[in-house]
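What follows is one structure encoded as structure tokens, with my remarks underneath.
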Amino acid sequence: MKDRIEIHGYCDQRFSELKTVFLHHFTAGKELGAAVAVVIDGQMVVDLWGGYADFNRATPWQKDTLVNVHSTTKGFTSACVHRLVDQGRVDIDQPVAHYWPEFARNGKGGITIRHVLCHRAGLPAIKEPLPAEAMFDWRTMTSALADQAPWWLPGTRHGYHAHTYGWLLGEVVRRVTGKSLGAYFREEIAGPLGIDFHIGLPERHHQRVAAISKLPPPPPGTSPDLGYIMMTRPEDVTTKAFSNPPIHRIHDVTNTWQWRSAEIPSSNGHGTGAAIARFYGALACGGCLDGVRVLSAQAIGMARSEHSRGPDEVLKVNTRFGLGFLLPQPGSTMGPNEKAFGHPGMGGSLGFADPEARIGFGYVMNRSQGSILIDDRPAALIEALYSSL
């Protein structure tokens, strides 16, 4: 007999359909543990969680359960850079090498911060093979990127910088502020806004982290079959982007203390659904929430302005990006409003802001699915949300 799943938390009665959909995902076997939250006009109207934080179904998911959200982290990392622009400390049209001189090696002197933010820098991967443990060593990864030549002429094409994105922007933040990106984020955004989100998780919080499943192999006939590309084309940019360093060789890597503790600003943020919703709730309301200014309205407008559209050199599908955020596109929407922007994470997590409806949305889970962009579970929750407005 299947466990009887209980959904906990708060849900404004207007959004009972969203709660019904959330519960259905558990009863249909799509979820192990998950949380979803919605902020509208600065108010938390949905904050729900349910299921289990472990594969043995012994530890119930709690209000403060943290989980790795993979690339949903990129939205928080991007906000740090935009905040430095607001503070007059970074110019996105300056070359990266202006702040990080060693980066200019091998033809990279003209790559700007803007190129990195919109995945047009031509640096989605490192060619020289690295050991798996290099993923956890900041100096090793930034040195490798300083030595790497672009895979294409910067600015002419775009390709998803799956892992390198975090080190590229994070090193700029470090050079400008003298702080790691995780520390800057904690002091400038997470702390003032009161959100339970971490880039580089202190050991005292590890006990709150839900175990997350591995990404399942794509079903036969999936297009694009990234797994096939990675198995048959070891030198392809897609293969290198996802498997150098080859962290898949470390058993259950995303559930290790090394992964949780390291600062990998592209991929290893840990947080709650409510934290993500509150962050994007601030961006949906002009950048300010409860008197805390995260970004200026000008920065938000710039962040969601389209900079990349069309064939993605790494993901092998069409993608559309602003400056650090995914933008709506056919088959991968964030509600009905064109001004929405956010970021999904591998396996299914998602956060986005809708400035037109003044909505911040956050969804996290620990049962990974194989969608490339926006997963069908948050997509169904989003549909239920907007049908209730």
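The values are calculated or read from the model by the stated rules, or taken from the named source; none is laboratory data. Note that the structure is a prediction, hence the values are computed from the model and not measured. A quick note on method: Cβ atoms are made from the backbone with ideal geometry, for glycine too, and the neighbour counts reach across all protein chains shown.
Is there a residue in segment 194-209 that is assigned to a helix (DSSP H, G or I), buried (at least 16 other Cβ atoms within 10 Å of the Cβ) and not aliphatic (A, V, I, L, M)? Yes, segment 194-209 contains at least one residue that is assigned to a helix (DSSP H, G or I), buried (at least 16 other Cβ atoms within 10 Å of the Cβ) and not aliphatic (A, V, I, L, M).
Does at least one position in segment 349-366 carry a residue that is modelled with pLDDT under 95 and assigned to a loop (DSSP other than H, G, I, E, B)?
No, there is no match, as no residue in segment 349-366 is modelled with pLDDT under 95 and assigned to a loop (DSSP other than H, G, I, E, B).
Name the residue that is surrounded by the most Cβ atoms within 10 Å (Cβ to Cβ), counting only residues in segment 150-174 that are more than 22 Å from the chain's Cα centre (by Cα) and farther than 26 Å from Arg249 by Cα. It comes out as Pro154. Note on segment 255-288: residues that are surrounded by fewer than 24 Cβ atoms within 10 Å (Cβ to Cβ) and more than 20 Å from Leu169 (Cα to Cα) amount to 7. Against the condition more than 17 Å from Asn68 (Cβ to Cβ), touching a residue at least 24 places away in the same chain (Cβ under 8 Å) and of a type outside the set (Ser, Thr, Tyr), how does Asp147 come out, does it pass? So Asp147 passes the test.
Of the helices (runs of 4 or more DSSP H) that lie entirely inside segment 244-307, those containing 2 or more residues that are hydrophobic (A, V, I, L, M, F, W, C), within 19 Å of Gly342 (Cα to Cα) and touching a residue at least 40 places away in the same chain (Cβ under 8 Å) span 273-284, 297-303.
Just one of (1) among the charged types (D, E, K, R); (2) free of Cβ contacts under 8 Å to residues at least 24 places away in the same chain; (3) in a helix (DSSP H, G or I) fails for Glu102. It is (2). In summary, Arg367 fulfils each of the numbered conditions (1) farther than 23 Å from Val209 by Cα; (2) of a type in the set (D, E, K, R); (3) touching a Lys or Arg at 6+ places or on another chain (Cβ under 9 Å) with the single exception of condition (1). Taking the numbered list (1) buried (at least 24 other Cβ atoms within 10 Å of the Cβ); (2) touching a Gly at 6+ places or on another chain (Cβ under 9 Å); (3) within 20 Å of Thr77 (Cα to Cα); (4) not polar (S, T, N, Q) in turn, Ala340 passes all entries but (2).
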